[in-house]
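Visitor: Input: one structure, supplied below.
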Amino acid sequence: MEEHTAEDKIAEEALQATRALMSRSAEYRRLLSEMGLARQLAHVLKENPHDRGAISLACLNMASLVGPADAGKGDGDAKFSAEIQARATEEGAVEQVLATVMSDQETHHKEHGMFNFNVDMAYNVHRDCFKALANLARDNTANQAAMLQAGLPDRIAAVLASRPADAQARWAGCEVLGSLAQSAALPAMTTVACQR
């Protein structure tokens, strides 16, 4: 992945494979973590700021890597791992997923024109990156502090206000806000979307 990150579809297809491996095997999940998958995922996010498929799948992989997995999305039943979360944090996951979410960079699909399903729903960057941040924030005050300092609650509130029909992004964004509320009292305006 590292050598061909910026080439169309390489990262996306590789990330489909790693996600499938992690969903079926705790051992593969552990090995991928030990081999530096979080560092690779951060690299994909940095090198593909326009590629919606690559961003979405990098965040989905990050969420699955750290856990807990979202069984409703076919990600298996992996439990939260504080050890994998710590390794992912050391490898730059928090900073890069935050940078991606905080960016106003416009994203687009690459080579998804012939797909016969809703690609915007399948590759929902906000939903997937919010889920990654929720798992990275879980029970981790240092990661929560970094997210609060970056202004993540305000960003989530703005994204949710601009996408009122996106229930999946709202659910994931509210999950992040719930984790952040463990560390600080959040302004009421940032939690309004979660009170619906």
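The values are calculated or read from the model by the stated rules, or taken from the named source; none is laboratory data. Please read these numbers as outputs of a predicted model, since none were measured by experiment. Here Cβ is always computed from backbone atoms with ideal geometry, including for glycine, and neighbour counts include all displayed protein chains.
Visitor: Has the range 62-72 got at least one residue that is modelled with pLDDT of 90 or more and either polar (S, T, N, Q) or surrounded by fewer than 17 Cβ atoms within 10 Å (Cβ to Cβ) (or both)?
Guide: The answer is yes; a qualifying residue exists.
Visitor: Right, here's the next one. LYS79 - would you say it is modelled with pLDDT under 60, over 15 Å from ALA169 (Cα atoms) and among the charged types (D, E, K, R)?
Guide: So LYS79 does not fit the description; no.
Visitor: Shifting gears a bit: Where the second residue is among the charged types (D, E, K, R) and at pLDDT below 90 and the first is under 11 Å from SER64 (Cα atoms) and part of a helix (DSSP H, G or I) and lies in the range 1-26, which pairs have Cβ atoms under 7 Å and are six or more apart or on separate chains?
Guide: Every condition considered, the pairs that remain are SER23/ASP75.
Visitor: Any idea which of ALA69, ALA54, ALA63 is outside any helix (DSSP H, G or I) and under 23 Å from GLU13 (Cβ atoms)?
Guide: After applying the criteria, what remains is ALA69.
Visitor: How many residues does the range 27-51 hold that are part of a helix (DSSP H, G or I), small (Gly, Ala, Ser) and surrounded by fewer than 24 Cβ atoms within 10 Å (Cβ to Cβ)?
Guide: Residues flagged as part of a helix (DSSP H, G or I), small (Gly, Ala, Ser) and surrounded by fewer than 24 Cβ atoms within 10 Å (Cβ to Cβ) within the range 27-51 amount to 2.
Visitor: I need the full set of residues from the range 171-188 which are among the hydrophobic types (A, V, I, L, M, F, W, C), in a helix (DSSP H, G or I) and surrounded by 12 or more Cβ atoms within 10 Å (Cβ to Cβ), in order please.
Guide: TRP171, ALA172, CYS174, VAL176, LEU177, LEU180
Visitor: Write out, first by first residue and then by second, each pair whose Cβ atoms fall under 8 Å of each other, whose residues are 6+ apart or on separate chains, and whose first residue, in the range 154-165, is farther than 15 Å from ASP128 by Cα while the second is in a loop (DSSP other than H, G, I, E, B) and among the basic types (Lys, Arg).
Guide: Pairs that qualify, where the first residue is farther than 15 Å from ASP128 by Cα and the partner is in a loop (DSSP other than H, G, I, E, B) and among the basic types (Lys, Arg): there are none.
Visitor: Consider GLN144 carefully, then state whether it is closer than 20 Å to ALA184 by Cα and free of Cβ contacts under 8 Å to residues at least 12 places away in the same chain.
Guide: In short, no.
Visitor: Can you find, within the range 147-159, the residue that is farthest from ARG127 (Cα to Cα) among those that are part of a helix (DSSP H, G or I) and more than 16 Å from the chain's Cα centre (by Cα)?
Guide: Within the range 147-159, the match that is farthest from ARG127 (Cα to Cα) is GLN149.
Visitor: Turning to a different aspect of this structure: Give the range 145-170 a look and list any residue that's under 20 Å from LEU60 (Cβ atoms) and surrounded by fewer than 16 Cβ atoms within 10 Å (Cβ to Cβ), or say none.
Guide: The answer is ALA167, and nothing else.
Visitor: Hey, among GLU106, GLU95, GLU111, which residue is at pLDDT 95 or above and charged (D, E, K, R)?
Guide: Just one listed residue meets the conditions, GLU95.
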